[in-house]
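The values are calculated or read from the model by the stated rules, or taken from the named source; none is laboratory data. Predicted, not measured: the structure shown is a model, and the values here were computed from it. Please note: Cβ atoms are built from the backbone with ideal geometry, for glycine as well, and neighbour counts cover all protein chains shown. We work out accessible area using only protein heavy atoms, side chains counted, and drop any ligands, DNA or RNA first. Shrake-Rupley method; radii C 1.70, N 1.55, O 1.52, S 1.80 Å.
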Amino acid sequence: MTNVLMVLSAASRWTLADGTKHLTGVWAEEFLEPYRIFTEAGWTVDLASPQGIAPTFDAVSLSDGGAGSAERAAEFAARIADLQGVLEQPLRLDAVNAAGYDVIFYPGGHGPMEDLAVDDDSGQLIVAAVNSNTTLGVLCHAPAALLPATDPATGEWVLKGRRMTGFANSEEQIGGLADKASWLVETRLVELGADYSKAAEPFAPYIVVDGELYTGQNPASSVALAERIVADKS
């Protein structure tokens, strides 16, 4: 049996450079599609979040435009409603052990930029996953959670030089938030020493696999990333 831990942001707001709070959370597709693919593969999936707080889903990700169509938005809302029993009681992130899981997966949305980007428990969970060669999947804005993954002995970022992708600056610009943000995912990954790459066109599906590190650029990469993890682990 393959055991998966999906780590979700508990943030409902993202603090912009001027101090204002932008309503956000987890991007619905980035949780729902990997969750579906993992469970359909027969895998066991646990959820965790900071302090075990139930996630907020970004309202834009449940709109017709954010989901891609009115039908898809309705489908996502229905699937979230069906999963309320699971979503309301995630594990506390500070109580989980990487050794109990074969796959650790981080969905995005701007939420991780608010909490997981500065969460030492999440950072050390990622360090443990990297050191044990556990499969680590990180999607869209969720590479923000990679930022605090520093070796406690040396202070070095444990993912320096690794190939990866994440939400591109051009995509943040198109979304209208790049100039308001305190920092951007692509920029910060490059500054830390990641070997970052992205699709030729914004919002096109794009994934990068470097050993057991699996990253996806944007919401459109959700299905491809999860399916690749399942294919490689089967």
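Data for the structure
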| item | result |
| --- | --- |
| Where the chain is the region considered: accessible area per residue in Å², 1.4 Å probe | 41 |
| Neighbour-limited loop hits for trypsin sites (Lys or Arg not before Pro), the stretch 117-209 (at most 13 other Cβ within 10 Å; DSSP other than H, G, I, E, B) | Lys160 |
| The stretch 45-111, accessible surface, carbon-and-sulfur percent (1.4 angstrom probe) | 51 |
| Gaussian network model of the chain, Cα within-10 Å springs - most flexible of Ile80, Ile174, Ile37 | Ile174 |
| Geometric extent, Cα atoms of the stretch 22-64 - Rg, Dmax (angstrom) | 12.0, 37 |
| For a label point 7 Å along the Cα-to-beta-carbon line of Ala178, residues of the stretch 133-158 with backbone N under 16 Å | 141 |
| Centroid-to-centroid separation of the stretch 173-234 and the stretch 70-108 [C-alpha atoms, Å] | 20 |
| Sites Val118 and Ala224, calculated FRET efficiency, Cβ-Cβ separation with R0 35 Å, nearest 0.05 | 0.75 |
| Rule-of-thumb Rg ratio for the stretch 1-151 [Cα; 2.2 N^0.38 Å; N residues] | 1.00 |
